[in-house]
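Accompanying notes for the structure given below.
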Number of protein chains: 2
Amino acid sequence: MDYQSFSRKSISDLEKIYRLNLINSVSGYKSANLIGSISEEGTSNLAIFSSVVHLGSDPAILGFIMRPRTVERHTYDNIMSSGYYTINHVDTQHTAMAHYTSAKFPSSHSEFELCRFKEEFIDGFSAPFVKGSPVKMMMKFEQEIPIEINGTIMMVGSIQHLMVSAEAIEESGIINLEKSNTAAISGLNTYYSPQRIAQYPYARVGQPSQNLLKE
Amino acid sequence: MDYQSFSRKSISDLEKIYRLNLINSVSGYKSANLIGSISEEGTSNLAIFSSVVHLGSDPAILGFIMRPRTVERHTYDNIMSSGYYTINHVDTQHTAMAHYTSAKFPSSHSEFELCRFKEEFIDGFSAPFVKGSPVKMMMKFEQEIPIEINGTIMMVGSIQHLMVSAEAIEESGIINLEKSNTAAISGLNTYYSPQRIAQYPYARVGQPSQNLLKE
């Protein structure tokens with residue numbers, strides 16, 4: 001395989017947009033999620049995030065990465081004032097409007113309206129879900145963890161309520177993301193529709209993984 | 001859309017394996033990466049991780065989540081003693097052996113050998129790359145960040161050297177993950193081969209996103 005090689009110095013010397021595109025691509029696929037929140041004044045907010053990461057199953061904990069002084073600031077303020085937010089899968093039919101939530105709309109406007117998503121509420125929680133999203137979670141803010149090296153923040157929350165498209169959930173509890181039509185993201189702006197190629201049992205020494213989908 | 005709903009209490013009451021499958025699925029797609037490292041005794045180690053997350057482009061910083069007392073312990077020990085590790089994309093042809101690296105092999109054995117990956121070294125760094133991986137990075141350990149709520153750890157590192165399949169890198173710096181054959185993961189054991197469906201320009205107010213791939 002032919003490679004293009006970059007040293008630390010040559011990465012640092014790259015033109016800014018090229019470097020943003022390259023370095024945002026290197027981690028591979030990322031989850032496409034819309035985070036819903038609501039301000040003290042009652043204005044809802046919706047923003048796309050590609051950094052949601054699994055932290056634990058019991059209790060059910062997820063993290064995501066926040067840049068404090070950027071477009072996502074409304075999300076941060078709303079989470080801090082209300083204590084709650086929602087995480088909603090982006091389906092492959094709605095990537096254009098999901099991407100558009102990253103434009104710098106003023107805080108007095110709701111991306112739900114501007115990007116044509118419908119809000120949905122459940123009893124006991126103020127944060128808005130995205131109606132029709134195949135997997136959606138009500139999250140309680142638990143902790144913010146500063147990442148000193150570059151000033152980003154990991155926001156940690158616990159799942160309070162989870163709704164999964166009945167069609168996509170398998171007997172084992174696994175969510176079939178092909179059936180839920182969940183989109184993947186790479187880099188800053190590329191969206192993918194993945195196809196399932198393999199499912200392996202829990203790995204054990206001496207038993208190389210067999211693809212269960214091909215049995 | 002019909003949903004299956006889970007309250008916080010009903011998630012906590014689920015049978016353990018069902019809960020692991022469900023909660024590991026809810027964050028959506030994850031990157032499939034092999035992390036390579038080497039012990040003080042010179043035994044190399046290779047382990048699959050699905051939690052690599054972008055933290056910054058300048059300097060180029062990535063994080064991943066580590067559970068301290070589990071199968072990934074060798075990776076942690078090696079990173080702490082040597083200060084370096086590699087992150088290597090898993091291509092769609094090698095998901096079975098990549099998954100098999102998660103079996104609990106003894107520390108005296110190398111997963112490179114047991115799972116039939118070839119090591120590759122570059123001058124000045126001890127950590128082994130995965131030969132043939134389409135995107136591979138030499139990482140310098142920068143910081144470990146404890147996540148108090150459940151004892152997991154975010155490992156933060158900076159890219160020292162990056163090698164990208166020449167065929168997959170576009171003029172803009174974007175890596176086309178379809179061309180690099182990078183695999184995605186969902187949950188604990190399902191692998192996906194994604195197809196590019198859309199690429200949007202930087203989002204600006206008043207300019208809803210147009211799919212550049214369809215132009």
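Since every read-out is calculated from the coordinates, none of them should be taken as a lab result. In this text, all values refer to a predicted model and were calculated from it rather than measured experimentally. Because the Cβ atoms are built from the backbone with ideal geometry, glycine has one as well, and the counts that use them run over all protein chains shown.
Annotation: amide H-H contacts under 5 Å for B:THR152 (H modelled 1.01 Å from N, sequence separation of 5 or more, or interchain): B:ILE147.
Using alpha carbons only, what's the Rg to Rh ratio of the range B:99-151 with Rh from Kirkwood?
Numbers: Rg = 14.5 Å, Rh = 13.8 Å.
So for the range B:99-151, dividing Rg by the Kirkwood Rh gives 1.05.
Looking at the square roots a ≥ b ≥ c of the eigenvalues of the Cα gyration tensor of the range B:138-194, which shape do they give, rounded for a/c under 1.5, prolate if a/b is larger than b/c, or oblate? Taking the square roots of the gyration eigenvalues as a ≥ b ≥ c, the range B:138-194 is oblate. Neighbour counting of Cβ atoms within 10 Å sorts the residues A:LEU34, B:LEU114, B:LEU213, fewest neighbours leading, into B:LEU213, B:LEU114, A:LEU34. In nanometres and ascending order, the distances from the A:SER107 label point to those of the other copies are 5.0 (point 7 Å from Cα along Cα→Cβ). Exposure proxy ranking for B:PHE129, B:PHE117, based on other Cβ atoms within 10 angstrom of each Cβ and starting from the fewest, stands as B:PHE129, B:PHE117.
Ratio of the range B:57-197's C-alpha Rg to 2.2 N^0.38 Å, to two decimals? Don't skip to the end; give the middle numbers.
Details: Rg = 15.6 Å, N = 141, 2.2 N^0.38 = 14.4 Å.
Cα Rg divided by the expected 2.2 N^0.38 Å: 1.08.
If you run the Gaussian network model on chain B, springs between alpha carbon atoms under 10 Å, then out of B:PRO201, B:PRO106, B:PRO128 the most flexible one is B:PRO201.
Seen from B:ARG196, the other residues with C-beta closer than 10 Å to its C-beta sum to a net charge of 0, counting Lys and Arg as +1 and Asp and Glu as -1. A label point on B:ALA166, set 7 Å along the Cα-to-Cβ line, lies at 5.5 nm from each of its counterparts in the other copies, closest listed first.
Which of B:PHE121, A:PHE105, A:PHE125 comes first, and how do the rest follow, when ranked by fewest Cβ neighbours within 10 Å? Could you put the intermediate results ahead of the total?
Details: B:PHE121 15, A:PHE105 22, A:PHE125 19.
With the fewest neighbours first, B:PHE121, A:PHE105, A:PHE125 line up as B:PHE121, A:PHE125, A:PHE105.
Distances between copies of A:TYR202, taken at a point 7 Å out from Cα along the Cα→Cβ vector and listed shortest first: 4.8 nm. Largest GNM mean-square fluctuation across B:GLY63, B:GLY124, B:GLY187, computed for chain B with C-alpha springs under 10 Å, falls on B:GLY124.
Computed 3J(HN,Hα) for the range B:42-53, one whole-Hz value per residue from the Karplus formula 6.51 cos²θ - 1.76 cosθ + 1.60 where θ = phi - 60°, is x, 8, 7, 9, 9, 9, 7, 10, 10, 10, 5, 9, glycine and proline marked x.
The mean of 1/r over all pairs of different alpha-carbon atoms in the protein assembly as shown, once inverted, gives a Kirkwood hydrodynamic radius of 21.6 Å.
Per residue of chain A, what 222 nm ellipticity follows from adding -39500 (n - 2.57) for every DSSP H run with n ≥ 4, rounded to the nearest 500? Roughly -4500 deg cm²/dmol at 222 nm, from the helical runs in chain A. Computed over the alpha-carbon pairs of the range A:32-113, the distance histogram in 5 Å steps reads 3, 14, 26, 26, 18, 9, 3, 0 percent, short to long. Straight-line cross-link reach from A:LYS179 at under 22 Å between alpha-carbon atoms covers these lysines, not counting any fewer than eight positions away in the same chain: A:LYS30, A:LYS118, A:LYS131, A:LYS136, A:LYS214, B:LYS30.
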